[in-house]
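Below: one structure, written as structure tokens.
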Amino acid sequence: MRITSFEQYRSDYERSVERPDDFWSNVAAHFTWQKKWHTVQSGGFNNVDFRWFDGAQLNITENCLDRHLEKNGDATALIWEPNDPREDFRTYTYKQLHQAVCKTANALKSVGVRRGDTICIYMPMIPELMVSMLACARIGAVHSVVFGGFSAQSISDRIHDAKCRYVLTADAGNRGDKKVPLKQIVDDALRSCPDVERVLVVKHTGANVDMKANRDLWWHDVVNHQPDVCPFEVMEAEDPLFILYTSGSTGKPKGVVHTTAGYMVWTAYTFLNVFQYNDGDVYWCTADAGWITGHSYLAYGPLLNRATTLMFEGVPSYPNCNRWWQVVDKHKVNILYTAPTAIRSLEAQGVKHFEGTDLSSLRVLGSVGEPINEEAWHWYDEHVGKKKCPIVDTWWQTETGGIMISPLAGITKTIPSYATLPLPGVQPVIVDSNGNELTETFVEGNLCIKQSWPGQARTVYNDHERFKLTYFSTYNGLYFTGDGCRRDNNGNYRITGRVDDVINVSGHRIGTAEVEDALDEHPNIVESAVVGYQHAIKGQALFAFVSCNETPENEEQLKKEINDIVARVIGSFAKPDNVLVVSGLPKTRSGKIMRRILRKIAEGEPDKVGDITTLLNPEVVEEIKLKALLLR
């Protein structure tokens with residue numbers, strides 16, 4: 001299952017394309033099955049009815065936990081590092097994690113949860129969050145984790161859509177120097193959710209909360225006295241494992257459904273090979289478990305490979321900007337997987353926060369969530385990796401279940417800002433706007449995938465037509481990723497941004513990610529976001545929003561310098577017509593820039609930015625609106 005050389009990668013990739021059933025059958029043989037499959041894969045993209053390992057029976061938690069116990073039960077499975085460095089961290093061996101999952105699974109059954117029920121989990125980054133996910137999977141319940149920064153309305157919407165009758169939460173969560181009143185938010189959400197029967201509450205911070213009689217139960221009262229053995233439910237290969245909601249460009253969030261067997265095989269295989277995990281490594285994925293990265297590469301992927309996975313409750317800047325590096329040194333972290341947003345935010349603080357830290361334990365670095373710009377890539381390489389750690393710049397999506405295009409650490413030649421090569425089983429194609437495949441070596445267009453892979457989402461919950469329409473209707477017989485892409489002469493792929501973030505300026509296709517990459521070269525720019533707006537002559541023009549290390553004395557001079565950089569890096573045709581200096585960019589609580597808000601402001605429609613209550617920093621929106629109005 002493990003790839004150990006580039007030659008083997010080439011060979012495995014070729015076999016995965018030419019003989020996929022044989023290839024995936026061999027990979028799947030590394031896992032424990034209650035019953036073997038009769039068909040490796042069936043169906044396809046034309047009817048959107050693809051299935052994997054049909055006929056097989058299994059439980060994913062047996063593969064995450066039980067099969068490791070006999071020989072490696074005392075190996076460390078989970079390290080939990082709290083928000084406050086003055087508090088003690090906690091560790092779980094595989095035996096202890098197995099016991100915690102079994103006790104929680106028994107508790108869920110005791111309050112009425114049955115196979116097929118959908119459970120909403122709204123928790124901070126504490127061990128009980130991972131335990132809850134695994135406990136649901138153990139008894140055949142479908143977990144729907146909601147990121148602990150979403151609003152009451154967002155929770156209510158997701159509970160209604162997924163038909164949840166049970167909610168697992170905590171009294172409150174810690175986020176730097178702030179307390180997030182999770183139970184209070186749940187209470188607000190449940191005012192419009194009369195079908196919820198039980199709420200289990202972890203006492204985490206000790207915050208005072210209201211407990212509703214006959215509905216709310218303290219976690220410790222229900223879980224602690226349960227037996228630490230719970231037989232797992234035997235699941236069918238295509239039984240749902242979880243629902244995870246992801247926002248689209250229009251309409252309500254989509255409940256993306258992942259099933260059991262294919263997701264298990266894909267996350268385990270991609271984790272092992274992308275990160276080149278070795279026995280004994282300490283692996284740290286900084287993503288929240290409320291997002292797909294946390295599902296696949298904080299929980300399932302590592303545990304399936306008997307890894308030691310680190311879970312962190314806090315933020316990189318609390319109590320100071322060297323916290324992450326202290327955590328790396330404290331736990332001798334070998335593999336660090338994080339987002340470009342976090343990298344850039346730390347880059348903006350200079351290098352003083354590295355003083356007193358060593359980081360010599362690091363062996364592999366990873367990037368996830370968006371294309372990483374070259375400047376941040378080099379900063380990450382030089383100051384975090386000390387130029388000795390390969391950087392795996394991973395491209396994938398909630399809908400793909402796991403990594404699709406990425407270097408394999410220490411095996412694939414890395415190229416700054418390139419995701420490089422597809423993993424075995426992934427067949428990317430680049431098409432033009434009419435769906436014609438562009439077969440030349442150096443091309444740019446829309447990224448699609450032409451064959452199914454095991455980890456692929458199967459549907460949108462209760463709305464398969466929306467699933468078909470969103471991903472399979474644009475180009476016949478292809479999965480449309482929604483991303484633009486460039487392929488170089490050696491077959492390496494560079495993601496240029498969402499297709500709706502590709503702007504046509506005077507006939508030139510310009511990827512906004514590429515322009516942002518250029519802007520970030522300016523020494524005073526911390527972060528940038530570029531959007532398109534309608535232009536009477538050019539068709540579309542570019543509007544750049546930038547935040548700076550220091551307030552520029554002369555904004556016109558800054559604009560000139562920016563345009564000089566863009567002209568040098570890309571060409572004069574890509575220069576932004578407007579540059580607006582702002583104190584910050586509007587972001588979701590997961591750190592993603594909300595470009596739809598900036599588009600509306602750039603188009604001169606600030607009254608149509610939509611709901612901003614779930615933003616991490618909604619106050620910056622009013623500032624940007626005012627500055628944009630004055631600019632006009």
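Where a number appears in this text, it was derived from the coordinates with a stated rule and is not lab data. Note that this is a predicted model, so its numbers are computed, not measured. Counting neighbours? That spans all protein chains shown, and the Cβs are built from the backbone with ideal geometry, glycine included.
Data overview
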read-out	value
Per-peptide average of other Cβ atoms within 10 Å, ordering 212-222, 198-208, 369-379 highest first	369-379, 198-208, 212-222
FRET efficiency for Asp74 and Asp210, using Cβ-Cβ distance with R0 set to 60 Å, rounded to 0.05	0.90
Relative contact order for the range 506-631, counting Cα pairs under 8 Å that sit 6 or more residues apart, in percent	23 percent
Debye intensity ratio in log₁₀ form over the Cα atoms of the range 415-546, taken at each q of 0.09, 0.14, 0.17, 0.18 Å⁻¹	-0.32, -0.75, -1.02, -1.09
Cα centre as origin, Lys/Arg/Asp/Glu Cβ charges: the chain dipole, Debye	940 debye
Angle in degrees between helix 152-162 and the longest Cα principal axis of the chain, rounded to the nearest 10	60 degrees
Label-point gap, in nm, between Asp221 and Asp195 - each point 7 angstrom along Cα→Cβ	2.6 nm
Protection proxy ranking, peptides 599-610, 459-470, 126-137, 522-533, average beta carbon neighbours within 10 Å, highest first	126-137, 522-533, 459-470, 599-610
Cα-based Kirkwood hydrodynamic radius, the range 506-631, one decimal, Å	14.8 Å
log10 of Debye I(q)/I(0), alpha-carbon scatterers only, for the range 73-151 at 0.23, 0.24 Å⁻¹	-1.09, -1.12
Inter-part distance where the range 343-394 and the range 590-613 are each reduced to a Cα centre, Å	30 Å
The range 381-457 - Rg (one decimal) and Dmax (whole number), Cα, Å	14.4, 45
Projected-area average for the range 1-70 over all orientations - Cα convex hull basis, square nanometres	6.2 nm²
Listed peptides 68-78, 549-559, 394-404 by packing density, highest first (mean Cβ within 10 Å)	394-404, 68-78, 549-559
Cα centroid separation, the range 1-72 to the range 181-237 (Å)	35 Å
Debye log10 I(q)/I(0) for the chain, one point scatterer per Cα, at q = 0.08 Å⁻¹	-0.56
The range 307-346: equivalent-ellipsoid semi-axes (sqrt of 5 x gyration tensor eigenvalues, Cα, Å)	17, 13, 9
Orphan Cys of the chain, criterion: no other Cys C-beta under 4.7 Å	Cys64, Cys136, Cys193, Cys285, Cys321, Cys389, Cys448, Cys485, Cys548
Helix-only CD estimate at 222 nm, as mean residue ellipticity for the chain, using -39500 (n - 2.57) per DSSP H run (n ≥ 4)	-8500 deg cm²/dmol
Equivalent ellipsoid dimensions for the range 26-184 as semi-axes, Å, which come from the Cα gyration tensor, largest first	30, 23, 15
Exceeding the 28 Å Cα-Cα cut-off - candidates Lys183/Lys254; Lys95/Lys254; Lys179/Lys559; Lys95/Lys332; Lys183/Lys330; Lys413/Lys575	Lys95/Lys254; Lys179/Lys559; Lys183/Lys330; Lys413/Lys575
Tail fraction, Cα-Cα pairs, the range 321-444, threshold 23 Å, whole percent	37 percent
Mean separation of Cα contacts under 8 Å, 6 or more apart, over the residue count of the chain: relative contact order %	11 percent
